[in-house]
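Engineer: What follows is a structure written as structure tokens; I'll ask about it next.
The values are calculated or read from the model by the stated rules, or taken from the named source; none is laboratory data. Everything numeric here is computed off the predicted structure, so don't read it as measured data. Backbone-built Cβ (ideal geometry, glycine too); neighbour counts: all protein chains shown. To get the accessible areas, we keep the full protein, side chains included, count just its heavy atoms, and leave off ligands, DNA and RNA. Shrake-Rupley method; radii C 1.70, N 1.55, O 1.52, S 1.80 Å.
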Amino acid sequence: MLDVRVIVGLTLLGISVERLFFTFYTYLQVETCKDRIAAALETLRPITSWERSSGAAQGMDGVLMGGRGFGTAMEALFNYLGSEFGNTFALARVFAFLSGPPDYGRGQLDTSRYGEQYASKRVDADRALLPEQTPFYKDLATIAVQSGVCVDVFAVTNEYTDLASLKFLSIESGGSLFLYSSTDDSTLPQDMFRMLNRPYAFNCVLRMRTSTEFKPLHSFGHFFPDPQYENLQHIICCDSYATYAYDFDFADNTGFSRHSGYPPVVQIAFQYTVVVPPEELSSSELPSSSRGKHTLQRRLRIRTMQFSAAQNINEIYDSGDHEVVLSLLVHKVILVSLEDGIREGRALLHDWLVILTAQYNDAFNLVQYKNVNKSMSSQIDITFSQCPQLEPLPRLVFALLRNPLLRFHEEGVHPDYRIYLQCLFSVLEPSSLHCGIYPSLMSYSTPDKQAYPRHSLSRAALMTSGSPIFFLDAYTTLIVFYSSTADPSLPFPPPQDFSEGLISDMTGTDASIET
């Protein structure tokens, strides 16, 4: 069981800054705090601006009751945890809870822009609502990183909160951003327990180097780029599921030399600190004064990888991994969407698939021309039938275009939910991201016996498979479906050990079960 060094519980649910309480749990195991965490979370509920404004009044000594002074409180907390007051922490991890937008003191946000009629002004609503409206929280994230503070933001709200401005606190400090529309069916307690129960590293530094023929072009993930050195990222806190992505570009137009004796090389250096329990240390490593105590260890891992250069385009296609390609596409689409809007992100995706299809048909000489009624027509392969590694890509692109990440504001996609998906998808490893974009459907003949590991997402799969139980994994939602032909003797809802087994098989999945 992992010992938690310092956890700062920060609750801002309709209380004034003057009545804010910070609770520190030092050297407490997660298991011993489980009941208290669950009891505290039971008291949380979303509070709308109308409820607070109608009940807001001058409390004792003229103190304003009900304002969300989130920015002021977080700024004061970071100053306290930083070196300004002489406090030193191996790791400070802050859980910040919000029931609505900050509307008091420094960092208050104007949420009226969500209700504006952008169409009448000929303004792209998606482009207007995606950028942050104030640099306050981005600057505050810089202070958090300098103070060694990781921030996880839990927004429990059903109103517009402008997560586009608040997200920097979490993504740049190595934390996570969670959004719950209500506490009734949320997985907030499970999410907190899972995060605290995982082993993690902190005060991390990640450095990427390459051989001279190419160089990193973009890096993606929840980290803070070093302001002085290129390709150096600071990560305050991360666990074994944290994922970081890179794409590369040639240093010049000569590319890789096919006849050189030096293949392309990538080297990754990762330096980090971990909390090591005494039973994992040898007697020589454990100081006599620290026997029986946990110890901080600074570690360095270096991975050097050599790659062979492809001789032709066919080798590139054959070595492709559609899940990794999808991951990089999602990162690039998010980047373009933030800079130029959702429409440009969708256009980038369309153009990429068209160009890939054209280059694939040209490389395999698959374009066929026919003379029909004295007019020329062509047939092209749009299913990538000659390359199994590329076959899933058109379906994945279609699923990405239908995902709320890239659907338009006028289709009913809430801007906060879009920001939540951006933060979630930008940190998932490829297989989990694949489930988030294109869910996995499997079938069971009984609750404890799998029938088929993966079906296509179609009505025909449900109608023709003959299986009585289907399980859909959409990463954040898990759905168990019993067909109408299922044997009435099968238990419904499925037994508890059935759902627990499914979740345990998908380690790292944050999900709710529906039956």
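Engineer: Please sort 268-274, 142-148, 32-38 by packing, taking for each peptide the average over its residues of neighbouring beta carbons within 10 angstrom, highest first. Write down the numbers at each step before the final one.
Structural biologist: Values: 268-274: 16.6, 142-148: 19.4, 32-38: 14.0.
Highest to lowest by the protection proxy: 142-148, 268-274, 32-38.
Engineer: Let me test this: with uniform point scatterers at the alpha carbons of segment 327-479, what is the Debye-based log₁₀ I(q)/I(0) at q = 0.13 1/Å?
Structural biologist: Each listed q maps to, in turn, -0.78.
Engineer: Please state, rounded to one decimal and in Å, the Kirkwood hydrodynamic radius that segment 379-420 gives when every pair of distinct Cα atoms enters the mean of 1/r.
Structural biologist: Working: mean 1/r = 0.0820 Å⁻¹.
Evaluated on segment 379-420, it is 12.2 Å.
Engineer: I'm checking a number: the convex hull volume of the Cα atoms of segment 217-266, normalised per residue, in Å³. What is it?
Structural biologist: Enclosed volume per residue, from the Cα hull, is 116 Å³.
Engineer: List residues of segment 235-278, by number, whose backbone nitrogen lies under 17 Å from a label position 7 Å along Cα→C-beta of Ser319.
Structural biologist: Counting backbone N atoms under 17 Å from the label point, the list is 246-251, 255-267.
Engineer: Could you give the distance between the Cα centres of segment 166-200 and segment 312-360, to the whole Å?
Structural biologist: When both Cα centres are located, 29 Å separates them.
Engineer: Turning to a different aspect of this structure: What distance in nm separates the simple spin-label points at Arg298 and Asp448, each placed 7 Å from Cα in the Cβ direction?
Structural biologist: That separation, rounded to one decimal, is 5.2 nm.
Engineer: When a/c reaches 1.5 or more, the comparison of a/b and b/c decides; with that in mind, is segment 372-462 rounded, prolate or oblate per its Cα gyration tensor? Spell out each step's value before the answer.
Structural biologist: Working: a/c = 2.15, a/b = 1.21, b/c = 1.78.
Oblate shape, in that a/c is at least 1.5 and b/c is the bigger or equal ratio.
Engineer: Can I ask one more? What is the gain in length, in nm to one decimal, between Phe364 and Arg402 on full extension, counting 0.36 nm per residue of separation less the C-alpha to C-alpha distance? Intermediate results must be reported in sequence, preceding the final value.
Structural biologist: On the way: separation 38, 0.36 × 38 = 13.68 nm, distance 3.00 nm.
Using 0.36 nm per residue and subtracting the Cα-Cα distance, I get 10.7 nm.
Engineer: Relative contact order of segment 126-212, please, whole-number percent, based on alpha carbon pairs below 8 angstrom and at least 6 residues apart.
Structural biologist: Values: 84 pairs, mean separation 24.4, N = 87.
The value is 28 percent.
Engineer: Starting from the Cα of Thr212, step 7 Å toward the Cβ, then list every residue of segment 236-270 with an amide N under 18 Å from that point.
Structural biologist: 249-267
Engineer: Report in % the part of the accessible area of segment 91-155 that belongs to carbon and sulfur, leaving out ligands and nucleic acids; probe 1.4 Å. Don't jump to the answer; show the numbers that get you there.
Structural biologist: On the way: 1250 of 2730 Å².
In segment 91-155, the share of accessible area belonging to carbon and sulfur is 46 percent.
Engineer: Have a look at His222, Gln190, Leu206 and report the one farthest towards the positive end of the charge dipole of segment 177-234, computed about the Cα centre with Cβ charges (Lys/Arg +1, Asp/Glu -1).
Structural biologist: Leu206
Engineer: Average the reciprocal distances over every distinct pair of alpha-carbons in segment 133-190, invert the result, and give the Kirkwood radius in Å. Don't jump to the answer; show the numbers that get you there.
Structural biologist: On the way: mean 1/r = 0.0827 Å⁻¹.
Radius from the Kirkwood sum: 12.1 Å.
Engineer: Another question, if that's okay. Please list 202-212, 221-231, 162-172 highest first by mean number of surrounding beta-carbon atoms within 10 Å per residue.
Structural biologist: On the way: 202-212: 17.2, 221-231: 14.7, 162-172: 24.1.
Highest mean packing first, the order is 162-172, 202-212, 221-231.
Engineer: Let me ask another. Roughly how big is segment 202-276's charge dipole about its Cα centre, with Cβ charges of +1 (Lys, Arg) and -1 (Asp, Glu), in debye to the nearest 20?
Structural biologist: On the way: 4 positive and 7 negative charges, 36 e Å.
Magnitude of the dipole: close to 180 debye.
Engineer: Something else: Lys138 to Glu116: FRET efficiency via 1/(1 + (r/R0)^6), r the Cβ-Cβ distance, R0 22 Å, to the nearest 0.05? Could the numbers behind the result be given before it?
Structural biologist: Working: r = 23 Å, r/R0 = 1.05.
The pair Lys138/Glu116 has a calculated efficiency of 0.45.
Engineer: For segment 336-466, what % of the accessible area comes from carbon and sulfur atoms, probe 1.4 Å? Walk me through the numbers on the way to the answer.
Structural biologist: Details: 3830 of 7130 Å².
Ligands and nucleic acids excluded, carbon and sulfur give 54 percent.
Engineer: What order do you get for 395-404, 466-475 when each peptide is scored by the mean count of other beta carbon atoms within 10 Å, highest first?
Structural biologist: Values: 395-404: 16.3, 466-475: 19.1.
Top of the packing list down: 466-475, 395-404.
Engineer: Kindly report the accessible area of segment 409-468 per residue (heavy atoms of protein chains, probe 1.4 Å, no ligands, DNA or RNA), in Å². Intermediate results must be reported in sequence, preceding the final value.
Structural biologist: Working: 2750 Å² over 60 residues.
Averaged over the residues of segment 409-468, the accessible area is 46 Å².
Engineer: What does the accessible area per residue of segment 116-260 come to in Å², with a 1.4 Å probe and no ligands, DNA or RNA counted? All intermediate terms of the calculation are to be shown ahead of the outcome.
Structural biologist: Details: 6730 Å² over 145 residues.
On a per-residue basis, segment 116-260 sits at 46 Å².
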